[in-house]
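Inspection log for the structure reproduced underneath, given as C-alpha cells.
Just so it is clear, none of the values below were taken in a lab; they were calculated from the coordinates. Just so it is clear, the model here is predicted, and its values are computed rather than measured. Don't worry about glycine lacking a Cβ; one is built from the backbone with ideal geometry, like all the others, and counts go over all protein chains shown.
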Amino acid sequence: MKQAISMHGWCCDSTFWTNWEQYFQNDGWLWKNAERGYGNYEASNPTWNNNTQASMGQKKVIFCHSLGIHLLPSKILKEASDIILINSFSRFVPNGPGSRAVRTGLIGMQKHLGKTTESKMLFMFLKKANQPYKIPDSIDGPLSQRISDEGRKQLIEDFNLLIKSHELPKALSKNTRILAIQGKEDKIIHPITSDQLISDLRIHMDHPPTQWRLTGEGHIIQLPGIIKKVSNWLKSTK
C-alpha cells in the first residue's frame with residue numbers, strides 16, 4: 001500500500017494539496033490531509049492505515065509545506081518512510097545575520113493577530129508568500145472564508161510555535177528519506193534558514209537529504225510538473 005499524509009503551513013488549509021491529492025490518488029495512493037482548522041474546515045490529524053498484512057516495506061510518505069513538519073504528531077513522523085519538505089525549516093529565525101530583521105518582522109505580524117488589522121496583515125503575508133507570482137483574484141484558504149474564533153486561537157498558537165522553532169522535530173526517524181524542495185525566490189524563509197535545514201538534516205539523518213533549489217520559485221511552489229517530478233523521485237527511493 002502507498003500512503004500519503006499531508007500537512008499545510010501557517011495561515012493555510014488542506015486545500016493547499018488539492019492538485020497533489022488528485023494526482024497521487026489517480027496513481028493508486030491512499031491520501032489523507034491533516035488540517036489545523038483556522039477557517040471553516042474542522043481540525044484533524046489522520047493516522048497511518050496499518051490494518052494490512054503487508055505492513056513491512058510500505059510507502060508512508062509525508063508532504064509538508066513550511067511550518068507543516070512541526071505540526072504533525074510524533075507517531076506520524078516516526079513511521080514515515082519518506083518526507084517531502086517544501087520550503088520547510090528546522091528553525092525559522094536564523095542564527096547570526098538576519099535574525100534581528102526576521103524577529104522584527106514577526107513581532108510586527110504578531111501585534112495584528114486578533115485585531116481589526118488582522119485580515120490586512122494576513123493578506124499581505126499571502127501576497128508575499130505567492131511571490132514571484134501574483135496572488136490569485138480568488139484566494140483559497142482560511143482568509144477566503146473567515147478565521148473562526150477557535151481557528152484564531154490555533155493560528156496564534158502555531159505562530160508562537162513558528163517563532164520558537166529551533167530544531168528538527170525530535171520524532172523524525174533517522175532512516176527516513178528526505179526530499180527538500182526550496183524556492184530560490186522565497187520571501188518568507190530566510191536563505192540562512194534554508195541552508196540550516198539542509199545542514200541539520202545531513203547531521204541527523206542516516207541518508208543525506210535530496211535537495212532541489214528551484215530558480216524562479218517562491219514560498220508557494222507553482223512550477224508546472226513539480227508533482228510528477230516528486231512522484232518519480234518517490235518511485236526511485238527504496
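For the pair residue 167 and residue 43 in one chain, pulling the backbone fully straight at 0.36 nm per residue adds 42.2 nm over the alpha carbon distance. Counting only other residues whose beta carbon sits under 13 Å from that of residue 228, what net charge do I get with K and R as +1, D and E as -1? Result for the local shell: +1. Per-residue Karplus couplings for segment 14-28, computed as 6.51 cos²θ - 1.76 cosθ + 1.60 with θ equal to phi - 60°, are listed in order as 5, 5, 3, 9, 3, 5, 5, 4, 4, 5, 6, 5, 5, 9, x Hz, Gly and Pro entered as x. Helices in the chain, meaning DSSP H runs of at least 4 residues, each add -39500 (n - 2.57). Divided by all residues, the mean residue ellipticity at 222 nm is -10500 deg cm²/dmol. Between the amide H of residue 183 and those of 87, 214, distances stay under 5 Å, these residues lying 5 or more places away or on another chain, with hydrogens modeled in the peptide plane. Could you sort out which of 75/238; 127/229; 2/187 sit more than 29 Å apart by Cα distance in this structure? Pairs exceeding 29 Å: 2/187.
If R0 is taken as 30 Å, the Cβ-Cβ distance between residue 19 and residue 119 corresponds to a FRET efficiency of 0.70.
Peptides 126-132, 102-108, ordered by how many other C-beta atoms sit within 10 Å of their residues on average, highest first, read 126-132, 102-108. Among 196-208, 86-98, sorting by the average number of other beta carbon atoms lying within 10 angstrom of each residue, highest first, gives 86-98, 196-208. Ordering of 9-21, 61-73 by packing is 61-73, 9-21, highest average first (other Cβ atoms within 10 Å, averaged per residue).
Listed options for semi-axes √(5λ) of the Cα gyration tensor in Å are (1) 25, 23, 18; (2) 30, 21, 17; (3) 27, 21, 17. The value calculated from this structure is the one marked (3). Tell me the net charge near residue 159. Cut-off is 14 Å between Cβ atoms, residue 159 excluded, with +1 for each Lys or Arg and -1 for each Asp or Glu. Overall, the nearby charge balance is +4. With a cut-off of 9 Å between beta carbons, the residues surrounding residue 207 carry a summed charge of +1, where Lys and Arg count +1 and Asp and Glu -1.
Output the 0 to 90 degree angle, nearest 10, between the alpha-carbon long axis of helix 191-204 and the longest principal axis computed from the alpha carbons of the chain. Its long axis makes an angle of about 30 degrees.
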